[in-house]
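The values are calculated or read from the model by the stated rules, or taken from the named source; none is laboratory data. Please read these numbers as outputs of a predicted model, since none were measured by experiment. With ideal geometry, Cβ positions are generated from the backbone for all residues, glycine too; neighbour counts draw on all protein chains shown. Just so you know, the surface numbers come from the protein's heavy atoms only, side chains and all, with ligands and any DNA or RNA stripped out. Shrake-Rupley method; radii C 1.70, N 1.55, O 1.52, S 1.80 Å.
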There are 2 protein chains.
Amino acid sequence: MPRYKLTIEYDGTPFVGWQRQNNGPSVQAALEQALHRFCGETVMTYAAGRTDSGVHALGQVVHFDLTKDWPAETVRNALNYHLRPQPIAVLASEAVPAIFHARSSAKARRYVYRILNRHAPPTVTRNRVWHVHVPLDAGAMHEAAQALLGMHDFSTFRGSYCQAKSPVRTLDRLDAVRSGEEIRVEAQARSFLQHQVRNMVGSLRLVGEGKWTTADLAAALAARDRTKGGPTAPPDGLYLVEVLY
Amino acid sequence: MPRYKLTIEYDGTPFVGWQRQNNGPSVQAALEQALHRFCGETVMTYAAGRTDSGVHALGQVVHFDLTKDWPAETVRNALNYHLRPQPIAVLASEAVPAIFHARSSAKARRYVYRILNRHAPPTVTRNRVWHVHVPLDAGAMHEAAQALLGMHDFSTFRGSYCQAKSPVRTLDRLDAVRSGEEIRVEAQARSFLQHQVRNMVGSLRLVGEGKWTTADLAAALAARDRTKGGPTAPPDGLYLVEVLY
């Protein structure tokens, strides 16, 4: 059974998320349906990150097995054909050894969170950014973010439906950088808890507004209590950018 | 009668264009309706560029007169409120002297055309870029583009419904620059003919594919004949970025 690794991009807006669910269209179901149309097989796909409803991907990684040995480029082209008109695209396809697993082989995941920080609402970036109309101090956000780096119990930033056994994660990078009207928050870790990036960004917003100091953010982390964290940032601004193996 | 100048941004996808028409929703009609809801007046608005259906604006400039003297910030905030949920936003508003005219006072217009140059179709940038799946040589496009600079009869790149009296225009800048999978073409001139940027980009694509040389592009310009130009690039990738006064 040849195994394939795909790098895929999608607009998360119309989907209930990566994972197949009963309450609406998922990226996984769309991809598995396209695979079925391509080769007639009923295939199970596995993704590196189970993105939530409305969360986008620029570099999600997926693996699956096929019975027949297709050229990787044929798989890519056929899937892009059968995925139309859904906003999911296969950027790259390659054959990989059977020990490769999109989720468990991943060494790091990189997310970007885009905040549009201006008075006027978004137009061309609607559903692609979080619109925050009060002025944010990106420098203060970046400085405070450094207090979250390293290995910690991230219960304060953990979603209530998180299925991970442990709330301990190692955060390698959390940068906030302004570029004109936009603030981009980049987060990198081996893995994240459910809603961890969105919950960290929601707390960083409080720092950006001047409501929280770096010490307040550090205290929230130390409390290991979700009720001590800031609100959850909406999914619109979140992108799974890259998975490293 | 106080005169106001607005800088506005919009997603052109759902509109028939800037100008009010009978065949669908226009940016102009939406803005004039929002003005009516705000102050009860029936106001005529004038824009710097009559963008076509599907063309976006990041910095369109509009002027109009009101009977009452409102603070400029009130006008901006009220319009952003009444424009919802349409993808039009007022970025800035200011009171200007009555001699200011958004179209005729403009000294230069700057457009950007975005080409997504990769195999896979767009997802998060759907309706925001022109998808060209064959590899393009941006360096060759940029070099050839320089042959169009200066004052010329641009009939080769003129739309058939163009209402301008003269086909002569002075092109100040036409740059093609690649950034990853995207090629951005930046064009600046005092004014452009109808479809001029899209028609120039359609011809530059032929250069990028290696079908045309710089000499072919120069010969097309010299022919002053639309049938000698390349095809018209779609509206999706075009943005009116800035109007200079």
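Going down the table (A:K107/A:K165; B:K5/B:K68; B:K107/B:K165; B:K5/B:K107), which pairs top 20 Å between alpha carbons?
Distance filter (> 20 Å) returns an empty set.
Which residue, B:H56, B:H119, B:H131, tops the fluctuation ranking in a GNM of chain B built on C-alpha contacts under 10 Å?
Of B:H56, B:H119, B:H131, the most mobile in the Gaussian network model is B:H119.
What list of ³J(HN,Hα) values in whole Hz, one per residue of the range A:167-183 in order, does the Karplus curve 6.51 cos²θ - 1.76 cosθ + 1.60 (θ = phi - 60°) give from phi, with Gly and Pro shown as x?
Going residue by residue, I get x, 8, 9, 10, 8, 8, 7, 8, 10, 10, 10, 8, 9, x, 7, 10, 10 Hz, with x marking Gly and Pro.
Assign unit charges at the C-beta atoms only (+1 for Lys and Arg, -1 for Asp and Glu), then state the dipole size of chain A relative to its Cα centre in Debye, rounded to the nearest 20.
My answer is approximately 340 debye.
Using label points projected 7 Å from each Cα along Cα→Cβ, tell me how many nm separate B:R50 and A:N127, to one decimal.
Here the modelled spin labels are 3.2 nm apart.
With the label 7 angstrom out along Cα to Cβ, how close does B:T214 come to the same site in each of the other copies, in nm, nearest first?
5.3
Classify the range A:177-244 from the C-alpha gyration tensor, please: rounded if a/c falls under 1.5, else prolate or oblate depending on whether a/b exceeds b/c.
Oblate, since a/c reaches 1.5 and b/c is not below a/b.
Could you name the aspartates and glutamates whose alpha carbon sits less than 13 Å from that of B:K228, not counting residues in the same chain fewer than 8 places away?
B:D216
Show B:V241, A:V27 ordered by accessible area, largest first, where the area counts protein heavy atoms only and the probe is 1.4 Å.
Most to least solvent-accessible, the answer reads B:V241, A:V27.
Probe radius 1.4 Å, ligands and nucleic acids left out: which of B:F154, A:F100 has the largest accessible area, and how do the rest follow?
Correct descending sequence by accessible area is A:F100, B:F154.
I need the shape label for the protein assembly as shown. Rule: rounded when a/c is under 1.5, else prolate if a/b > b/c, else oblate, with a, b, c from the alpha carbon gyration tensor.
Here the protein assembly as shown falls in the oblate category.
Scattering from the C-alpha atoms of chain B alone, worked out with Debye: what is log10 I(q)/I(0) at q = 0.08, 0.09, 0.12, 0.15 1/Å?
Calculated log10 I(q)/I(0) at the listed q: -0.33, -0.41, -0.70, -1.01.
Could you please report the charge total around A:N80, scoring K, R as +1 and D, E as -1 over all other residues with beta-carbon less than 13 angstrom from its beta-carbon?
Every neighbour counted, the sum reads +2.
Tally Lys/Arg at +1 and Asp/Glu at -1 over every other residue whose Cβ is under 13 Å from the Cβ of B:E32; what's the total?
0
Report A:E73's accessible area, 1.4 Å probe, all protein chains in place, as a number in Å² to the nearest 10.
Spelled out: A:E73, probe radius 1.4 Å, area about 120 Å².
Ratio of the range B:62-148's C-alpha Rg to 2.2 N^0.38 Å, to two decimals?
Against the empirical 2.2 N^0.38 Å value, I get 1.66 for the range B:62-148.
Got the relative contact order for the range B:153-245 handy, in percent, Cα pairs under 8 Å and 6 or more residues apart?
Once divided by the residue count of the range B:153-245, the mean separation gives 34 percent.
Is the shape of the range B:3-96 rounded, prolate or oblate, going by the alpha carbon gyration tensor and its root eigenvalues a ≥ b ≥ c, with a/c under 1.5 for rounded and a/b larger than b/c for prolate?
Since a/c reaches 1.5 and a/b is larger than b/c, the shape of the range B:3-96 is classed as prolate.
What is the magnitude of the charge dipole of the range B:3-96 about its Cα centre, with +1 placed on the Cβ of each Lys and Arg, -1 on the Cβ of each Asp and Glu, and no other charges, expressed in debye to the nearest 20?
With only Lys, Arg, Asp and Glu charged at Cβ, the dipole is about 100 debye.
So, taking all protein chains as they sit and a 1.4 Å probe, how much accessible area belongs to A:D137, in Å² rounded to tens?
80 Å²
What's the center-to-center distance, using Cα atoms, between the range A:203-245 and the range A:21-39 in Å?
33 Å
Can you list, shortest first in nanometers, how far A:G24 lies from the same residue in the other copies, with each label 7 Å from Cα toward Cβ?
For A:G24, the other copies' label points sit at 2.6 nm, shortest first.
Quote to one decimal, in nm, the extra length available between A:D153 and A:A219 on full extension: 0.36 nm per residue of separation minus the C-alpha distance between them.
My answer for the length gained is 22.5 nm.
Anything losing 40 Å² or more of accessible area from the isolated chain to the full protein assembly: pick those residues out of the range B:82-96, probe 1.4 Å, ligands and DNA/RNA ignored.
none
Residues of the range B:120-160 losing 10 Å² or more of accessible surface, assembly versus chain alone, probe 1.4 Å, please list them.
Residues passing the criterion (a loss of at least 10 Å², heavy atoms only) are B:A120, B:P121, B:T123, B:V124, B:R126, B:R128.
Assign unit charges at the C-beta atoms only (+1 for Lys and Arg, -1 for Asp and Glu), then state the dipole size of the range B:36-159 relative to its Cα centre in Debye, rounded to the nearest 20.
300 debye
Give me the percent of the accessible area of the range B:3-96 that comes from carbon and sulfur atoms, probe 1.4 Å, all protein chains in place.
47 percent
When chain A is modelled as a GNM with alpha-carbon springs shorter than 10 Å, which of A:R103, A:R128, A:R205 fluctuates the most?
Of A:R103, A:R128, A:R205, the Gaussian network model singles out A:R103 as fluctuating most.
How much accessible area per residue does the range B:109-240 have, counting only protein heavy atoms and a probe of 1.4 Å, in square angstrom?
With all protein chains present, the range B:109-240 gives 42 Å² per residue.
May I ask you to give the solvent-accessible area per residue for the range A:3-96, in square angstrom, as obtained with a 1.4 angstrom probe?
Value for the range A:3-96: 42 Å² per residue.
Using a label point 7 angstrom from Cα along Cα-to-C-beta, what distances in nm, from shortest up, separate A:D225 from the other copies?
Counterpart label points of A:D225 in the remaining copies fall at 8.1 nm.
Name the most mobile residue of A:P167, A:P25, A:P71, meaning the one with the largest mean-square fluctuation, in a Gaussian network model of chain A with Cα contacts below 10 Å.
A:P71
Using the 2.2 N^0.38 Å rule of thumb for compact globular proteins, work out how the range B:123-198 stacks up: its C-alpha Rg over that value, please.
1.23
How big is the B/A interface in buried accessible area, both sides summed, 1.4 Å probe, to the nearest 100 Å²?
1900 Å²
Could you pull the Cα extents of the range B:109-240 along its three principal axes, largest to smallest, in whole Å?
The Cα atoms of the range B:109-240 stretch 41, 27, 24 Å along their principal axes.
Would you tell me the accessible area of B:L244, worked out with a 1.4 angstrom probe on the heavy atoms of the protein chains, in Å² to the nearest 10?
60 Å²
Relative contact order for the range B:1-158: what is it in percent, counting Cα pairs under 8 Å that are at least 6 residues apart?
26 percent
Check A:H131: other-chain or 5+ apart residues with amide H under 5 Å from its amide H, H built from backbone geometry?
Here the answer is A:L116, since their amide H atoms fall under 5 Å of that of A:H131.
Want the number for A:S160 to A:T42: 0.36 nm per residue separation, take away the alpha-carbon distance, what's left?
Stretched out fully, the A:S160 to A:T42 stretch lengthens by 39.2 nm.
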